[in-house]
Amino acid sequence: MTGVKPAMGGSHPGVGTRNALLSLGGRRYLEIIAPDPAQTEFKFRIDLRKLSAPRVITWAAATNDVEAVAARAREGGFEIFGPQAGSRARPDGKVLRWKTLAVKTDLAADGVDPIPFFIEWSADSPHPSLDSPAGCELRAFEIDHPDPQRVRNALARLGIEADVKSREPARLVATLRTLKGTLKLV
């Protein structure tokens, strides 16, 4: 759909998923994540096996200090999961490492979580936007939700300013400039 073929990223051991990646420029990337048929356990926080079609269901916010984000989230009254170390081996054998932090809220709706998880990439890991296939650019990212003010408030407590529009059902929309023109992923 974009004119650029995503590169296979690799498996997430013990999580039950694998991914393919596409650079969106400016330390941004699209992660296409799916169940990994080579793994017997599935522990990803969203059950992708229940999706009937590909869609945007969550997003990540980058940080250079995931511990500080965790402290801010706790101070904001959130229950958190992590920080948790993660890794995967690329097809070339290079191991990538990161830490993630998930924030629990009751704002997930219609199979979409408007609150991001946070990721801190290890200094010795190449960022996926730098070595994934290029040719696309993220032009806009929209959050639509039936209760936009609650989402805006939660994001603000996490240090994120975002325009959240009132809409049912909830959805995340990524607008990309691609080799084939503008594309909206929903």
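Could you work out the local net charge near Val112, counting Lys and Arg as +1, Asp and Glu as -1, over the other residues with Cβ closer than 9 Å to its Cβ? Present the calculation step by step, with values, prior to reporting the outcome.
Numbers: positive: Arg55, Arg171; negative: Asp110, Asp113, Asp144.
For residues surrounding Val112, the net value is -1.
First measure r as the distance between the Cβ atoms of Ala38 and Lys184, then evaluate 1/(1 + (r/R0)^6) with R0 = 25 Å and state the FRET efficiency to the nearest 0.05. All intermediate terms of the calculation are to be shown ahead of the outcome.
Numbers: r = 32 Å, r/R0 = 1.29.
Efficiency computed from Cβ-Cβ geometry: 0.20.
Taking H as built 1.01 Å from N, whose amide H comes closer than 5 Å to the amide H of Gly86, not counting residues under 5 places away?
For Gly86, the qualifying residues are Trp98, Lys99, Thr100.
With only Lys, Arg, Asp and Glu charged, each at its Cβ (+1 for the first two, -1 for the last two), find how big the charge dipole of the chain is about the Cα centre; round to the nearest 20 debye.
Details: 27 positive and 22 negative charges, 86 e Å.
Value, rounded to 20: 420 debye.
Of the DSSP beta bridges with both residues in the chain, give the percent that are antiparallel, rounding to the nearest 5.
Values: 39 of 45 bridges.
Around 85 percent antiparallel, to the nearest 5.
Count charges around Leu183 for me, please; just the other residues with Cβ under 13 Å from its Cβ, Lys/Arg as +1, Asp/Glu as -1.
Working: positive: Arg139, Arg177, Lys180, Lys184; negative: Glu137.
Net local charge, Leu183 excluded: +3.
Which of Lys43, Lys104, Lys165 moves most in a GNM of the chain, Cα contacts under 10 Å?
Lys43
With each pseudo-label sitting 7 Å past Cα toward Cβ, what's the Ala162-Glu75 distance in nm, one decimal?
My value for the distance between the label points is 2.1 nm.
Please rank Asp106, Asp36, fewest neighbouring Cβ atoms within 10 Å first, as an exposure proxy. It would help to have the intermediate numbers written out before the result.
Details: Asp106 7, Asp36 19.
The fewest-first ordering by Cβ neighbours comes to Asp106, Asp36.
Under the classification rounded if a/c is under 1.5, otherwise prolate if a/b is larger than b/c and oblate if not, where does the stretch 93-186 fall, given a ≥ b ≥ c as square roots of the Cα gyration tensor eigenvalues? Can you show the working numbers first?
Values: a/c = 2.49, a/b = 1.30, b/c = 1.92.
It comes out oblate by the Cα gyration axes.
Which Cα, out of Trp98, Ala140, Trp59, lies furthest along the positive dipole direction of the chain (beta carbon charges, K/R +1, D/E -1)?
Going by the charge dipole, the pick is Ala140.
Quick one: 3J(HN,Hα) in Hz for the stretch 52-57, Karplus 6.51/-1.76/1.60 with θ = phi - 60°, rounded, Gly and Pro as x.
Coupling constants for the stretch 52-57: 8, 7, x, 6, 7, 10 Hz.
Only helical DSSP H runs with n ≥ 4 go in: add -39500 (n - 2.57) per run for the chain, normalise by residue count and round the 222 nm mean residue ellipticity to 500 deg cm²/dmol.
Working: 3 runs with 24 residues, N = 186.
It lands at -3500 deg cm²/dmol.
Using the 2.2 N^0.38 Å rule of thumb for compact globular proteins, work out how the chain stacks up: its C-alpha Rg over that value, please.
Numbers: Rg = 16.3 Å, N = 186, 2.2 N^0.38 = 16.0 Å.
Normalised Cα radius of gyration, the chain: 1.02.
A short reminder: the numbers here are calculations on the coordinates, not readings from a lab. Note that the coordinates shown come from a computational prediction; the quantities given were computed from them, not determined experimentally. Note that each Cβ is placed from the backbone with ideal geometry, even for glycine, and that neighbours are counted across all protein chains shown.
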